[in-house]
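What follows is a single structure, written as structure tokens, with notes after it.
The values are calculated or read from the model by the stated rules, or taken from the named source; none is laboratory data. These numbers were taken from a predicted model, which means no experiment stands behind them. Cβ coordinates were reconstructed from backbone atoms using ideal geometry, including for glycine residues, and neighbour counts include every protein chain displayed. With ligands, DNA and RNA removed, areas are computed over all heavy atoms of the protein, side chains included. Shrake-Rupley method; radii C 1.70, N 1.55, O 1.52, S 1.80 Å.
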Number of protein chains: 2
Amino acid sequence: MADRQCLEIRRRVLAVARGEAEGDLLFSGGRVLNVFTGEVEAAEVVVAEGIVAGIGPGYRAKETIELAGDYLLPGLIGGHTHIESSHLGLPQYARAVLPTGTTSVVTDLHELANVGGLSAIRAFLDQAGDLPLDVFLMAPSCVPATQMETSGASLAPGDIAEAMRWPETLGLGELMNFPGVISGDGECLDKADAALVSGKLVDGHAPGLSGPALNAYLVAGPRSDHESTSLEEGRQKLRRGMYLMIREGTSEKNLEELLPLVTDRTYPRCLFVVDDRSCRDLRQDGDMDAVIRKAVRLGLDPVRAVQLATINPATYFRLRERGAVAPGYLANLVVTEDLTDLRPKQVYYRGNLVAENGCAVFSVEAKRVEPIGSSVNVRALPQDAFVIEATSGQGNVIEVVPHQIITRKLKLDVRIRDGRIEADTERDILKAAVVERHRGTGNIGLGLVRGFGLKQGAIGGTFAHDSHNIVVVGANDRDMRRAVEELERLGGGLVVVEGGRILASLGLPIAGLMSPEPAEEVAEKLAALDTAAASLGASIPEPFAVLSFLALPVIPELRLSDKGLVDVSAVSLVSVSTP
Amino acid sequence: MADRQCLEIRRRVLAVARGEAEGDLLFSGGRVLNVFTGEVEAAEVVVAEGIVAGIGPGYRAKETIELAGDYLLPGLIGGHTHIESSHLGLPQYARAVLPTGTTSVVTDLHELANVGGLSAIRAFLDQAGDLPLDVFLMAPSCVPATQMETSGASLAPGDIAEAMRWPETLGLGELMNFPGVISGDGECLDKADAALVSGKLVDGHAPGLSGPALNAYLVAGPRSDHESTSLEEGRQKLRRGMYLMIREGTSEKNLEELLPLVTDRTYPRCLFVVDDRSCRDLRQDGDMDAVIRKAVRLGLDPVRAVQLATINPATYFRLRERGAVAPGYLANLVVTEDLTDLRPKQVYYRGNLVAENGCAVFSVEAKRVEPIGSSVNVRALPQDAFVIEATSGQGNVIEVVPHQIITRKLKLDVRIRDGRIEADTERDILKAAVVERHRGTGNIGLGLVRGFGLKQGAIGGTFAHDSHNIVVVGANDRDMRRAVEELERLGGGLVVVEGGRILASLGLPIAGLMSPEPAEEVAEKLAALDTAAASLGASIPEPFAVLSFLALPVIPELRLSDKGLVDVSAVSLVSVSTP
């Protein structure tokens, strides 16, 4: 406060605002989207010290941007984004999203937390300081998600309380353990309380909840939800006081269904989020801008669509200097020619041009040492690592369901040789293994899976919700072993193997989840991985996405963790070979 | 957090919410005003431990309130109220406003701060703990308002920073020194910063500001304004990002003018406030309920009118558990038969009935010792205390303007006897004195005033913006002296004197501003004071209101402070007798 330099800077901004001093940047001849009144105003905007100092005629600045009728919008705010799903490290993620107009992102880093805990989150956030992107944290609430698998780390209520003291923390991330919350689980309530006593927020995650269960969930503190998939579900949640986060991501698309809920009476309580956006989607389609464009195509007023990605998240998250083009707000700005088809022509971060015509125009330093190291720590695989002894002629088989993350539990005849269960590619029954990779426990869970369609080889990866152990699916043990070895060598990643050869791979050395490479290269490698998997016979369009959910023992019906085959409904381990 | 009892309570609320346990109170058969969606819902509401646990069918409770079609609303929130203007101490203020439906009030205690500083504010707020009213503070930003008078206390940036650490502090109160803010005055900016670095709010006060001056003001941090008096002024402030506080108080009435600004596109950024409400208005008309009724009479949708006094202030002030009837929200509730003419039939505070049919049904303990003592400390008046020596035949005269707080500066021929200026009742030129009453300095400012109309006697009081020294206006020195003596004896108050006799008085022993007596008695005494003043010839309807602004040296044109006669435009002292 008493900082003289700071006072000097503020006085300069005030002088610019008063029209007595020259600003740094003047946006002239444009149309300003006013999120407060829903108007489009012909006005000049002057920026000084990274702040919007004034709006109106008569300002001057060192540099003038001639907008010639283009629109000036506030930078977009992603209110619920799992950055890890892009497989990009933060610097490259910033390079990927800035051209889409996103200048602020609220993330909970749930995946990273499961691998590296609070210290990994801190190291990840520390990178944001150098980047033209504002990164806010909602501290992950459910790490680990379950005791049915081995995670790399856990976050106790004390860790959550510590995270609440960080300046970029806005609250507690999506409270996924809704059964725990509703039943009054002490740890869940303590975590929510850690946020609430700090005056911060709690994000909800309440798929399908309604009636008394929803009421109970709300009593514990969540005030938002991004899991509504039907109109009625969304309406109930709005009515009960949740901010409706309308999700339109890579895997979950709820915009078309939920858009009719956005009316004159409800829009202040609605916002857009992406939840997960793949690297490919970010490049080909965009981020929040893509949601806005689609909403407008579906009939939403363009000004309102922008409000749902600017002032509304800013209001919900209490980001007082963001979400509007207004005096005293950060000069995070988007220029576009067309409001009905929002394509950011220029993006400014605190008054600096950071992206133009779809390309980032800032560089990121290639750090020699990644702040978050590899965390692939696998005990040497024994000879019989993938051997499944047969005790009968039948086995429990996980069936994956295209375009859904649930699986089905099947009981099928299995192929047996020398008393051991083998993959049966003709009937699309493959072997699957989850190899614990954080603590070198040597845990290996084995199972059978149907639906991938591989005729030969194996695919594997270290990105596997929620504990992110190594998951491999293959037609033979040798290629599965080769996949694990390659993933170790890469320090984490995704891989396709056939006949002992690596057909395609993507290294994810940042916690086994993210790559330090640019989005272009990551997207290319992902495409090559899909192509390679298809060449092995993979019959689903995105086998690695499906693979990433195979080890998630909180979603029905049958899953595989490093501890073994998990019957989710029974919350118990079951054997592969059935009596 | 780890509090076992607290956990038990929360688990009980959860059990009630789940429908597995009996609540404390069930509101049955009513219509719930849903501020989130703007709907009116037929629904049951169950309360446990002072919290709304559930909405919907199937709940049960120890006690059922049969609403029989009545409406259930959230408790109203007064977003900008100077409690001192009611002349009621906090307990009696609570008894006066709860029957009107106000269950939360945001106050800045600017008057009290000028008398007693931070410690008086703290003592005042400490009384709230026992009362069924939530009292929030916006710390007074401009104490004293000026150096042209002697206040009882001052608040430095360090005091503001201390107040920011109090749990009930929401931010910095109306930043009245807008010229200082705009010009970059370090102390103003430091005070705003003290709020902002604590993550809190800054309320604005920017009468008439527009263009570059408004931009500059906003750069310093304010995000609301309650001073708009014209449509265009309000529209500009909305556009630039200020929450529009539409004021409808005792002295300032802006609702009718500003209501057209409340549209589908702007209403989330609008709220109702009262600023000042006299004790009489509170009793006869109401508080926030009166503003809602008037807005509805003027054509505003009743549901929206309620939103502007509930969820909207809650959103602006970030009061997460208030402003809605919803699970997890405090059971601060209002029952009314008619939405189009809101008359609170019952008012509940945290699930307890606190008012019914216009009457408070809770009692307040009469404390033997007021937490804030009298602060009338006047040095013995010298014999010639009120003598004004004449140096010419003319004098500078303050002319009060009915229904406005500005005054005019007149130069008039004055009546002189024995070389001294005397009151001239035939031409309505009275003598006025401001006697410093905080520090016993002996400061007395003398002047002449026109517009009160007294033919004899004197009126005086200790409630006088902003420093609240003693102000007396009279037809003769003897009665003026008698008035000062009586105000001393009362420990502060208002008084009417004639011929040495006290015709009417009201003691305001709480800082010389407020009475510990109930609203009924205070209102009666106020009426008696007006009647007594009228009997002396007072020609204006509310002479004490006018008197209370006579000593405010920040509003043009001519004022009287304890330091003397102040030419406000020139920011300098002038003599009464002119050369």
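The radius of gyration of the Cα set in the range B:133-261, together with its Dmax, comes out at 14.8, 42 angstrom. Each residue of the range A:254-259 was assigned a 3J(HN,Hα) from its phi angle through the Karplus expression (A = 6.51, B = -1.76, C = 1.60, θ = phi - 60°), giving 10, 4, 4, 5, 8, 4 Hz with x at Gly and Pro.
For the protein assembly as shown, go through all pairs of different Cα atoms, get the mean of 1/r, take its inverse, and jot down that Kirkwood value in Å.
The answer is 32.6 Å.
Here the 3J(HN,Hα) profile of the range A:203-214, calculated from phi with Karplus coefficients 6.51, -1.76 and 1.60 at θ = phi - 60°, is 7, x, 7, 9, x, x, 6, 7, x, x, 5, 5 Hz, Gly and Pro shown as x. Within the straight-line cut-off of under 23 Å between alpha carbons, the lysines reachable from A:Lys200 are A:Lys191, A:Lys237, B:Lys200, sequence neighbours fewer than 8 places apart in one chain being disregarded. The 3J(HN,Hα) values that the Karplus relation (6.51, -1.76, 1.60; θ = phi - 60°) gives for the range B:266-278 are, in residue order, 10, 4, x, 9, 10, 8, 9, 9, 10, 6, 10, 9, 6 Hz. Gly and Pro appear as x. In the range A:15-33, the residues that give up 20 Å² or more of accessible area when the other protein chains are added, compared with the chain on its own (1.4 Å probe), are A:Ala17, A:Arg18. The fraction of accessible area contributed by carbon and sulfur in chain A is 47 percent, rounded to a whole number (1.4 Å probe; ligands and nucleic acids excluded). With protein chains left intact and a 1.4 Å probe, residues in the protein assembly as shown average 34 Å² of accessible area per residue. Between the Cα long axis of helix B:186-197 and the first principal axis of chain B there is an angle of about 10°, rounded to the nearest 10.
The Rg/Rh ratio for chain A is 1.01, where Rg is the radius of gyration of the alpha carbons and Rh is the Kirkwood radius.
Taking amide H atoms as placed 1.01 Å from N in the peptide plane, the amide H of B:Gln346 lies under 5 Å from those of B:Val335, B:Asn357, each 5 or more residues away in sequence or on another chain. The contact residues of the range A:265-297, meaning those that lose at least 40 Å² of 1.4 Å-probe accessible area when all protein chains sit together rather than their chain alone, are A:Arg265, A:Tyr267, A:Arg269. In this label model, B:Leu7 and B:Val387 are separated by 7.9 nm, measuring between points 7 Å along each Cα→Cβ vector. Based on C-alpha pairs under 8 angstrom that are at least 6 apart in sequence, the range A:158-299 has a relative contact order of 17 percent. In whole Å, what is the distance between the alpha-carbon centres of the range B:314-354 and the range B:433-504? The range B:314-354 and the range B:433-504 have Cα centres spaced 43 Å from each other.
Taking 0.36 nm per residue of sequence separation and removing the Cα-Cα distance, the A:Cys359/A:Ile555 pair yields an extension gain of 66.7 nm. Note: relative contact order over chain A, using C-alpha pairs below 8 Å and six or more positions apart, is 14 percent. In the range B:504-544, whose amide N lies under 20 Å from the spot 7 Å out along Cα-to-Cβ of B:Glu485? List them in ranges. Flagged as within label range: B:504-508. For A:Ala43, the residues whose amide H sits under 5 Å from its own are A:Gly30, A:Val32, ignoring neighbours fewer than 5 places away on the same chain, with H placed 1.01 Å from N.
Amide H contacts of B:Ser375: B:Ala511, B:Gly512, each under 5 Å away and 5 or more positions distant or on a separate chain (H built 1.01 Å from N in the peptide plane; Pro and chain starts excluded). Output the 0 to 90 degree angle, nearest 10, between the alpha-carbon long axis of helix B:477-490 and the longest principal axis computed from the alpha carbons of chain B. Value to nearest ten degrees: 30. Summing both sides, the accessible surface hidden between B and A at a 1.4 Å probe radius is close to 5500 Å².
A simple spin-label model places pseudo-atoms 7 Å from Cα toward Cβ; at A:Glu168 and A:Thr441 they are separated by 3.1 nm.
According to a simple spin-label model (label point 7 Å from Cα along Cα-to-Cβ), what is the distance in nm between A:Thr263 and A:Glu187? It works out to 4.3 nm between the two label points.
The angle between the Cα long axis of helix A:110-126 and the main principal axis of chain A comes to about 30°, on a 0 to 90 degree scale. Estimated from helical segments only, the mean residue ellipticity of chain B at 222 nm is -7500 deg cm²/dmol, where each DSSP H run of four or more residues counts as -39500 (n - 2.57).
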